[in-house]
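In what follows, a single structure is set out as structure tokens and then discussed.
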Amino acid sequence: MGIPAAGALSAEYVVLPNGTAYQATIEIADASRYEFADVGFMGEKVPLQVGNVTLNGTCSPCNFTWSRPWGAPSVITFDKGNYTVSYLAPLSNNNLQGQFIRPYSVAVTIPGEFSVQNPLLAGISQGANVTHHADNATSVRWDKTTAFNVRFYDQWHENMLWFFFQFMAILALILVVVPYLLSTKRGE
């Protein structure tokens, strides 16, 4: 990613094939710090464990300083300017979400072994444009959003959903048919 133009900030997330981590590349403008935070259950900032952090810009190399306050998100500080921050972060429960202070164009790439097609198992925040590729990979994009959320699933979860539906259908059938048959036998 290049240096961002005013009002055209973008963030790109690529979910790794095993679904346990993602690679993020985020443009920042007129900044001297970047905080590694995830969105908590109540929308609060929670520390995000990251690795392979790089900072790219007009500098070569772009140096930064880590700050890791206890119980708070880690922060990198650097000379004020326009940069691209890249990092690797863990992913849990097949759910990726983020928040921004200003609107971003966000792109999430999900590998082919995962899907977002079944609304009972997946969830995508409003305003998303979903593209399914020939290799079964999925791209989800938002234009000018301050928050995004995408939940995806694998084949095992889809199989378990269909097993559950079949079990419930059999149970419902038993609960409806057996009493009917018993009541007709009594009536004879």
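The values are calculated or read from the model by the stated rules, or taken from the named source; none is laboratory data. Fair warning: this is a prediction, and the values are worked out from it, not measured in the lab. Counting neighbours? That spans all protein chains shown, and the Cβs are built from the backbone with ideal geometry, glycine included. SASA here: full protein model, heavy atoms, side chains in, ligands and nucleic acids out. Shrake-Rupley method; radii C 1.70, N 1.55, O 1.52, S 1.80 Å.
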With everything on Cα atoms, drop me the angle between helix 155-187 and the longest principal axis of the chain, reported from 0 to 90° to the nearest 10.
20
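Taking chymotrypsin sites (Phe, Trp or Tyr not before Pro) as candidate sites, keep only those in a DSSP loop with at most 14 other Cβ atoms within 10 Å, then name the longest stretch of the chain containing none of them. Don't jump to the answer; show the numbers that get you there.
Working: sites that count: Phe41, Trp70.
Here the longest segment lacking exposed loop sites spans 71-188.
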Net dipole in debye of the stretch 9-151 [+1 Lys, Arg Cβ; -1 Asp, Glu Cβ; about Cα centre; nearest 20]
220
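Over the chain, what percent of the accessible surface lies on carbon and sulfur atoms, probe 1.4 Å? If you can, show how the numbers build up before the last one.
Details: 6600 of 11720 Å².
About 56 percent, which is the carbon plus sulfur part of the accessible surface.
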Compute log10 of I(q)/I(0) for the stretch 1-105 with the Debye formula, placing one identical point scatterer on every Cα and leaving out solvent, at q = 0.10, 0.21, 0.23 Å⁻¹, to two decimals.
-0.28, -1.26, -1.45
Could you tell me which of Asn136, Ile124, Val50 has its Cα farthest along the dipole of the chain towards the positive end, charges placed at Cβ (Lys, Arg +1; Asp, Glu -1), taken about the Cα centre?
Ile124
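If r is the Cβ-Cβ distance from Leu16 to Thr184 and R0 is 45 Å, what FRET efficiency results, to the nearest 0.05? Walk me through the numbers on the way to the answer.
Numbers: r = 59 Å, r/R0 = 1.30.
That gives a FRET efficiency of 0.15.
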Simple spin-label estimate for Ala29 and Asp154 in nanometres, 7 Å along Cα-Cβ
3.9
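If Lys and Arg each add +1 and Asp and Glu each add -1, what is the summed charge of the other residues whose beta carbon sits under 14 Å from the beta carbon of Leu48?
Values: positive: Lys45, Arg68; negative: Glu35, Asp38, Glu44.
Result for the local shell: -1.
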I'd like the accessible area for Asp154, computed on protein heavy atoms only with a 1.4 Å probe and all protein chains in place. Round to 10 Å², please.
40
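So how much slack lies between Ile174 and Leu120, counting 0.36 nm per residue of separation and subtracting their Cα-Cα distance, in nm? Walk me through the numbers on the way to the answer.
Details: separation 54, 0.36 × 54 = 19.44 nm, distance 2.50 nm.
Length difference between fully extended and current span is 16.9 nm.
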Calculate the spin-label point distance for Met42 paired with Asp135, positioning each point 7 Å from the Cα along the beta-carbon direction, and give it in nanometres.
4.3
